[in-house]
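First up is the structure itself, then whatever we jot down about it.
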Amino acid sequence: MALELFQNDPYLRACEAVVTGSDRKGRWFTIDQTVFYPMGGGQPGDSGVAFRADDSEFEIADTRRDPSTGDIQHFVKRIADLPEPGAQLHLEINWERRYLHMRMHSCLHLICSAIPGKVTGAQIREGRGRVDFDVRYPRERHHLEESLNALIQQDARRIIRIYTPQDLENNPTLVQNLSIKPPEGVEKIRMVHFEDLDIQPCSGTHVAHSGEIGEVRITKIESKGRRNRRISVCLVDTEVDTNI
Ligand SMILES: [Zn+2]
């Protein structure tokens with residue numbers, strides 16, 4: 001099983017690794033440690049580059065978690081690039097893309113603190129994202145946009161804490177207030193705090209301070225069913241100016 005370096009340090013862009021296995025049919029390989037985040041929680045898997053010992057390189061197109069073993073699968077574009085077990089690699093993620101995911105992912109956490117509902121779905125892309133809540137409100141986007149940008153500007157520190165199922169049992173108020181249901185049947189639950197603003201169980205990658213998200217715009221609030229609102233949001237500095 002790969003050591004998941006992004007869990008403790010989401011800012012790590014590169015690492016050395018040894019190939020532990022590969023699958024020709026599936027076009028993926030596994031390694032002893034990785035900086036590549038596997039698709040999950042609405043966040044896409046990382047892409048990037050791998051360098052072999054002879055300095056030649058190949059592309060990693062996608063990263064997923066193997067549903068049967070839980071190990072991280074790194075997908076190559078071309079079957080000829082698949083490394084042999086034992087090979088030593090230097091891996092680098094596409095950092096610009098990942099950082100946009102981190103900023104948007106963190107933004108979706110802050111929306112949770114602005115809307116008193118349970119999350120029923122989320123999707124994160126480069127510079128934009130959306131989250132569904134089981135509520136009838138809000139209907140109006142300007143007020144939400146203002147509150148959200150105010151939360152971002154507080155520049156709250158992000159802290160990761162590991163809880164046991166027992167910790168959660170001892171703290172029913174915390175569990176009631178979560179927008180995202182904690183995973184069941186696991187010994188350790190990874191909780192992401194934006195200090196004084198929000199706390200949710202999550203295994204994704206987030207920015208260290210909420211201010212890094214930058215200014216955001218709520219692009220749409222839609223009704224998706226009688227008790228379901230979909231909030232779409234984008235990072236202002238990545239928006240394409242359609243007036244040009
Ligand atoms: Zn998260």
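Remarks
- Segment 102-124: number of residues that are within 17 Å of Glu215 (Cα to Cα) and more than 15 Å from the ligand (Cβ to nearest atom): 1
- Test: residue in segment 52-61 that is in contact with a Lys or Arg (Cβ under 7 Å, 6 or more places away or on another chain), under 30 Å from Asn149 (Cβ atoms) and more than 16 Å from the ligand (Cβ to nearest atom): no
- Residues that are surrounded by fewer than 16 Cβ atoms within 10 Å (Cβ to Cβ) and under 18 Å from the mean Cα position of the chain (by Cα), drawn from segment 1-12: Leu3, Gln7, Asn8, Asp9, Tyr11, Leu12
- Counting only strands (runs of 3 or more DSSP E) wholly contained in segment 142-218, the ones carrying 2 or more residues that are within 16 Å of the ligand (Cβ to nearest atom), farther than 24 Å from Thr63 by Cα and without any contact (Cβ under 8 Å) to a residue 40 or more places away in the chain occupy 158-163.
- Boolean, Arg136 is assigned to a loop (DSSP other than H, G, I, E, B) and in contact with a Lys or Arg (Cβ under 8 Å, 6 or more places away or on another chain): yes
- Some residue of segment 227-238 being of a type in the set (Val, Ile, Thr), under 20 Å from the mean Cα position of the chain (by Cα) and more than 16 Å from the ligand (Cβ to nearest atom): yes
- Flag for Glu184 being closer than 19 Å to Gly42 by Cα and touching a strand residue (DSSP E or B) at 6+ places or on another chain (Cβ under 6 Å): no
Bear in mind that the values in this text are calculations on the coordinates, not laboratory data. Quick caveat, the model's predicted, so the values are computed rather than measured. No Cβ is skipped: glycine too gets one built from the backbone with ideal geometry, and neighbour counts run over all protein chains shown.
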